[in-house]
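These notes are about the structure you will find just below.
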Amino acid sequence: MRTVSPTVERERLRIVAIIALAFVPLLFIELALVQSQTQAGRDSIAAGRLALARSVASASDTFIDGNLATLRALTNTRSVKDADVQNVNAILTPILRQDPNWLTFGLSSADGWNLSSFTTGPHTVNISDRDYFQAALAGRDGVGSVLLARGALNAKTIVLAVPVTFNDGTKGVLSGALSLVNLERQLGQVVPSETIDLRMVDRLGHEFIGANAGGDSLPDENARPEVRDGLAGQSKALVAKDTRGRDGLLAYAPAVKPGWVVILSEPIATAFTLPDRLGQTAFVLTLLGVAAALAIAWYFGGRLARSYVEVDLARSIAQGERFRLYDALRHAPARVGLLNGPDLVYAVATPDQLDQVGMGEEDVIGKPFSTVDPEPTHRAILERVYNTGEPFIAKEMPSSVRLPNGQLVEGYYDAAIVPTHDAGGAIDGVIYYATDVSDLVKGRKRVEELAAAVSAERDELQQIVNEMPEGVIVMRRNGGVMSNRTAEELFGHPIMATDDPDDYAPRHADGRPYVGRESPIMRALDSGESVNGEEIIVRNPTRGVDLNILASAAPVRRDGEIVAAVSVFQDITELRAFERQRSEFFSMASHEIRTPVTAIQLQLDLALRQMSRGDSSRTEELIMKARQRTKALTALINDLLDVSRLDAGKFALDLHDVDLVEIVQKAAGEYPTDPEHPILVVAAAKPLTVRADTRRVVEVIENLVNNAVKYSPERGTVTVEISTENDEAVVRVRDQGLGVPEAERGQIFERFFRTSVAKPYGGVGLGLYISKEIMTRLGGTITLESSSPRGSTFRVSLPLAPVPAPTR
Ligand code: ADP
């Protein structure tokens, strides 16, 4: 069963009471109408009664008139005029018999002597107290009501009397008594209702028809107003007490002829039954209508009240919620504002919001938003939310507001602006909620800047590391490997992370492969060992050569735990080669020096010994040999000096425009003739002027010729060919010697380099090196043009001097 809340009940009662109250005037009007209609009904009934009374009166008049006429007609008969009793009776008897109205007739003389009577014999009548008698004697019609008590007859009668003038000239009276029964019956027929009492009161105030009629003494009704007024000739209908003391409708009218008053009376209840009943019915119907209306009001009022109360409840809940929300919001640690209506009037502003705008609550609450925050874009956003109902959500929105007090407030906010709705669902304001994320945003920006800086620094570091001439590899415990460009160039591939020893896996300096995780970086990573300069050998896959690498490795610890290992690789291949060459040079140089010095010593010793013995036959030969060796030694020492000069950057050139043909011929010509190695000079016809240092060019040519001879153990001609090519002067030195192995051709101009096949022959590997340096400085070239095991061709070129100039 549905329970009805007291609130609903109260509201229902209220609605019903309002409707009931609205019915009160209607009810009054209705009652007044009913009343007036009832009254009108009563009035019309009263008027009907009055008319009825009048018609009864009129019927009475007619009745009396008719009977009087009868009597008057009789007075003109001869019998009456003659006062002939016998004949009078003969006339009257049939009338008595035929007309039941008449009870008796009497013809009297003026003195009261009754001449004719049907009930008694002639007798004297006392006429003094009979007004009708007096009236007739006076020549008028007389009418009176009389109680006739004669023998068995004891009845109320109406006596009519008309004047008679007898033939003898005397006056008399003809009278007749009319039966009231007939009159009553006749009049009763005029009165339609049994409930209406008909009363007739004569001018003496005696009621002769009616409830009180009869008896010996007729009651005197003169005291009653209707009798009095009726006898005075008035007629009226009124409500008054009837003779029995009941409220009744009285209607009275005078019957003029006999001087009676006709009075009709009826109890009110009966008389006014119809209008009263109609009135009552109307009243009851009105009440029923009101009751029905109230019942309907009760029913629908309940529903109305329920829905009203529900709406009201919803509204009050919403209102309550809103107040609770206000309360919660007021303490929210954020900028919150609740704005009402299209003007966005502040209803709530949190302390943060007030702080932000630097105003007190009294300056904000109740004021439109625009007076608090003059920034037009903010207002535009709020208005858009208000007008469209679309919420506005923003993250890290930059905000810059110049407050009315001139202060500039800047920051970043996470903001939500949403519309609020009333209980009917219509937008009635907006609420904004903004959290200050300035610190967060600034912090993040700072972090981003730092990260960018760190990243830049890291990039820089990476670049530095990349540009380092040493290879660097960082291997992390989690398996990540990072390497710089040099490392990648050294190892030919990014990394050496593999445990599988393959062709490219690092090896010990003695060539043994590293087993398992034996390499320096692995040891640093696994056991924290710091490896300082361990030489390893790695095959470079791109160049196809073995490299000598000096590897150092160290662990990287974080919180005492090894997280990575860093390894630095230094390519010492050249160093090792240089060292090798140098040691070879020293052994060679010592050999190259010791051998001639020993020989010179022996030769000089031998010469001295022979001279002391006085034998000088071979002295000159011995000294000449010693001198030649000294010359070779000097050449070697000069080479060494040249190298040191080149190293010191003090290699000076004495430049002149010279004829290359001449120089080359001179150099070749000065070379000691050897029948096993004839030297053939093929020269261009004309002089080839070049700008050069003659001594150095001679040195270069001599060196080439010397090599051509030295590395041609199987004899053979050495050809020196001078020519021009384009604008160059070119010298080619050809031999038929052992040639330069292909793999070593690129290195023969390097300092101390000697080919593998040249080892058995003397030399320190400096000649070609110095020659190359000289030619480069002279602006020319020196190359091994071709070489095979059957011979080699070296080519030297110098730019031709454009215009022959005089030698300085
Ligand atoms: P060296 O004193 O050893 O001759 P060089 O600088 O003159 O020094 O020559 C360097 C090396 O080049 C020689 O050791 C030799 O191996 C090679 N070489 C030079 N000239 C010839 C040549 N004509 N034929 C073959 N090999 C040569």
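The values are calculated or read from the model by the stated rules, or taken from the named source; none is laboratory data. Everything quoted here is computed from the prediction, not taken from an experiment. All Cβ positions, even for glycine, are placed from backbone atoms using ideal geometry, and neighbour counts span all protein chains on display. All accessible areas refer to the heavy atoms of the entire protein, side chains included, with ligands and DNA or RNA removed. Shrake-Rupley method; radii C 1.70, N 1.55, O 1.52, S 1.80 Å.
Restricting to the stretch 454-493, name every residue that is of a type in the set (Lys, Arg) and under 23 Å from residue 547 (Cβ atoms).
Residue satisfying the conditions is 485 alone.
For the stretch 697-714, which residues satisfy the criterion of being open to solvent by 30 Å² or more (accessible area, probe 1.4 Å) and assigned to a loop (DSSP other than H, G, I, E, B)?
Passing the criteria: 711, 713, 714.
Across the stretch 402-438, what is the total count of residues that are open to solvent by 40 Å² or more (accessible area, probe 1.4 Å) and part of a strand (DSSP E or B)?
10
What number of residues in the stretch 228-251 are open to solvent by less than 60 Å² (accessible area, probe 1.4 Å), at pLDDT 85 or above and assigned to a strand (DSSP E or B)?
6
Which of the residues that make up the stretch 115-151 are at pLDDT below 80 and in a strand (DSSP E or B)?
Within the stretch 115-151, 115, 116, 117, 123, 124, 145, 146, 147, 148, 149, 150 qualify.
Out of the residues in the stretch 698-714 that are of a type in the set (Val, Ile, Thr) and in contact with a strand residue (DSSP E or B) (Cβ under 8 Å, 6 or more places away or on another chain), which is farthest from the ligand (Cβ to nearest atom)?
So, considering only residues that are of a type in the set (Val, Ile, Thr) and in contact with a strand residue (DSSP E or B) (Cβ under 8 Å, 6 or more places away or on another chain), the one farthest from the ligand (Cβ to nearest atom) is 701.
This table checks each residue for (1) over 12 Å from residue 417 (Cα atoms); (2) out of contact with any helix residue (DSSP H, G or I) (no Cβ under 7 Å at 6 or more places or on another chain); (3) charged (D, E, K, R).
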position	(1), (2), (3)
337	no, no, no
342	yes, no, no
348	yes, no, no
361	yes, no, yes
370	yes, no, no
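Can you tell me which residue in the stretch 782-806 is surrounded by the fewest Cβ atoms within 10 Å (Cβ to Cβ), limited to those that are aliphatic (A, V, I, L, M), closer than 17 Å to residue 731 by Cβ and away from the ligand (no atom under 12 Å from the Cβ)?
Selected residue: 800.
Between 357, 364, which is in contact with a Leu (Cβ under 7 Å, 6 or more places away or on another chain), more than 16 Å from residue 434 (Cα to Cα) and not charged (D, E, K, R)?
Criteria check complete, one pass: 364.
Being open to solvent by less than 60 Å² (accessible area, probe 1.4 Å), at pLDDT 85 or above and touching a His at 6+ places or on another chain (Cβ under 7 Å) narrows it down to one residue among 536, 549, 600; which is it?
Being open to solvent by less than 60 Å² (accessible area, probe 1.4 Å), at pLDDT 85 or above and touching a His at 6+ places or on another chain (Cβ under 7 Å) holds for just one of 536, 549, 600, which is 536.
Kindly state which strands (runs of 3 or more DSSP E) lie completely within the stretch 619-693 and contain at least 1 residues that are without any contact (Cβ under 8 Å) to a residue 60 or more places away in the chain.
Those strands (runs of 3 or more DSSP E) span 656-659, 679-682.
Looking at the stretch 715-734 only, could you name the residues that are near the ligand (Cβ under 10 Å from one of its atoms) and open to solvent by less than 20 Å² (accessible area, probe 1.4 Å)?
718, 733
So the check is Cβ under 9 Å with 6+ separation or different chains; which pairs have a first residue in the stretch 90-108 that's farther than 21 Å from residue 166 by Cα and open to solvent by less than 30 Å² (accessible area, probe 1.4 Å) and a second one that's of a type outside the set (Phe, Trp, Tyr) and outside any helix (DSSP H, G or I)?
Qualifying pairs under 9 Å: 101/176; 101/178; 101/179; 102/176; 102/177; 102/178; 102/179.
Within the stretch 555-565, track down each residue that is surrounded by fewer than 19 Cβ atoms within 10 Å (Cβ to Cβ) and part of a strand (DSSP E or B).
556, 557, 558, 561, 562, 563
Can you work out which of the residues in the stretch 571-592 that are of a type in the set (A, V, I, L, M, F, W, C) and modelled with pLDDT of 85 or more is surrounded by the fewest Cβ atoms within 10 Å (Cβ to Cβ)?
Restricting to residues being of a type in the set (A, V, I, L, M, F, W, C) and modelled with pLDDT of 85 or more, the top hit is 575.
Evaluate the stretch 739-755: report whether one residue or more is assigned to a loop (DSSP other than H, G, I, E, B) and away from the ligand (no atom under 15 Å from the Cβ).
no
Given the conditions (1) open to solvent by 60 Å² or more (accessible area, probe 1.4 Å); (2) modelled with pLDDT of 85 or more; (3) within 16 Å of the ligand (Cβ to nearest atom), and given that residue 613 satisfies all but one, which numbered condition is not satisfied?
(3)
Just for the stretch 687-696: of the residues that are open to solvent by 60 Å² or more (accessible area, probe 1.4 Å) and in contact with a strand residue (DSSP E or B) (Cβ under 6 Å, 6 or more places away or on another chain), which one is farthest from the ligand (Cβ to nearest atom)?
Among residues in the stretch 687-696 that are open to solvent by 60 Å² or more (accessible area, probe 1.4 Å) and in contact with a strand residue (DSSP E or B) (Cβ under 6 Å, 6 or more places away or on another chain), the one farthest from the ligand (Cβ to nearest atom) is 687.
Got a number for residues in the stretch 631-650 being open to solvent by less than 20 Å² (accessible area, probe 1.4 Å) and under 29 Å from residue 689 (Cβ atoms)?
2
Would you check which residues across the stretch 194-205 are at pLDDT below 80 and either open to solvent by 40 Å² or more (accessible area, probe 1.4 Å) or within 60 Å of the chain's Cα centre (by Cα) (or both) and list them?
Across the stretch 194-205, the qualifying residues are 194, 203, 204.
Would it be correct to say that residue 475 is assigned to a strand (DSSP E or B), closer than 30 Å to residue 552 by Cα and not β-branched (Val, Ile, Thr)?
yes
Checking residue 769 against (1) within 30 Å of residue 596 (Cβ to Cβ); (2) more than 7 Å from the ligand (Cβ to nearest atom); (3) open to solvent by 20 Å² or more (accessible area, probe 1.4 Å); (4) touching a residue at least 12 places away in the same chain (Cβ under 8 Å): exactly one of these is not met. Which one?
(2)
Is it the case that some residue within the stretch 773-781 is surrounded by 15 or more Cβ atoms within 10 Å (Cβ to Cβ) and under 19 Å from residue 712 (Cβ atoms)?
No, the conditions are met nowhere in the stretch 773-781.
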